[in-house]
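Here's the structure, in structure tokens; my notes come after.
No value in this document is a laboratory result; all are computed from the given coordinates. These figures come from a predicted structure and were not determined experimentally. Counting neighbours? That spans all protein chains shown, and the Cβs are built from the backbone with ideal geometry, glycine included.
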Amino acid sequence: MHNFISKYATENFGSSKPLWDVPLFESESFVALPSIGSLVEGWMLVVPKEFALNIGFMDEKLQNELLRFSQKVARVLEKEYGPIAAFEHGPIQRNNKVGCGVDYAHLHLVPTSHNLLDEAKKLDTTIEWVSVDSIKQTSQLVKQGCSYLFLQQPYGHGKAYVGTSKHIPSQLFRRILANHLNSTTDFDWKSDPRIEIVEKTVNKLSNHSDLFPKELLLQPA
């Protein structure tokens, strides 16, 4: 069982939990869930079974498993939807707007070829972006007491970046995707759970659950 809990989502959209709160894929320490408020079909969250505030707080063993698991999930998504972007909003403390209202680590896997980094630089010029080898380098920012944004596009084989600023806005990448999709009024997942899109994701990806036996997931990517 996983213990990823969004208080707001549970209180306001509890009737649809069987769709957005049920893992489609699972490894020893992680699950992949359809994202409530999905702006596009195939939007998934990779979530640890045990609490961590963000991925930078995890130890190296867990981060390595996260990479193996999330990249396998991304390969399935690519077959169904095309290029996948991965991003994380990494708050350094609870009740921080960077966390988008969810104080629990989660990596977004989103089908899109839209250039999120270029748009992020236009939307907020205060964020300093630097190239990194992988999401594991977010641990350095946690040690420095910094909230961060992580982005890799396409996931698994594109360039990866972390962004830092004293005032990182909430749901930055959702804002960018909403703008791209001409949905500027409802980028906030709390305003619209988009259950009809979540349902399409579940219906399509549930056919792939047999590709993820535990012995496969625990092997190197």
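Before moving on, here are some points about what is shown:
- Residue-wise HN-Hα couplings along region 109-122, as the Karplus relation 6.51 cos²θ - 1.76 cosθ + 1.60 with θ = phi - 60° gives them from phi, are 10, 10, x, 6, 10, 5, 6, 6, 5, 4, 5, 5, 5, 6 Hz; Gly and Pro carry x.
- Extension reserve of the residue 196-residue 28 stretch, reckoned as 0.36 nm per residue once the Cα distance is removed: 57.5 nm
- Cross-link pairs beyond the 29 Å C-alpha cut-off, checked among 136/166; 166/204; 72/200: 166/204
- Cβ-derived FRET efficiency at R0 41 Å, residue 122 paired with residue 206, nearest 0.05: 0.65
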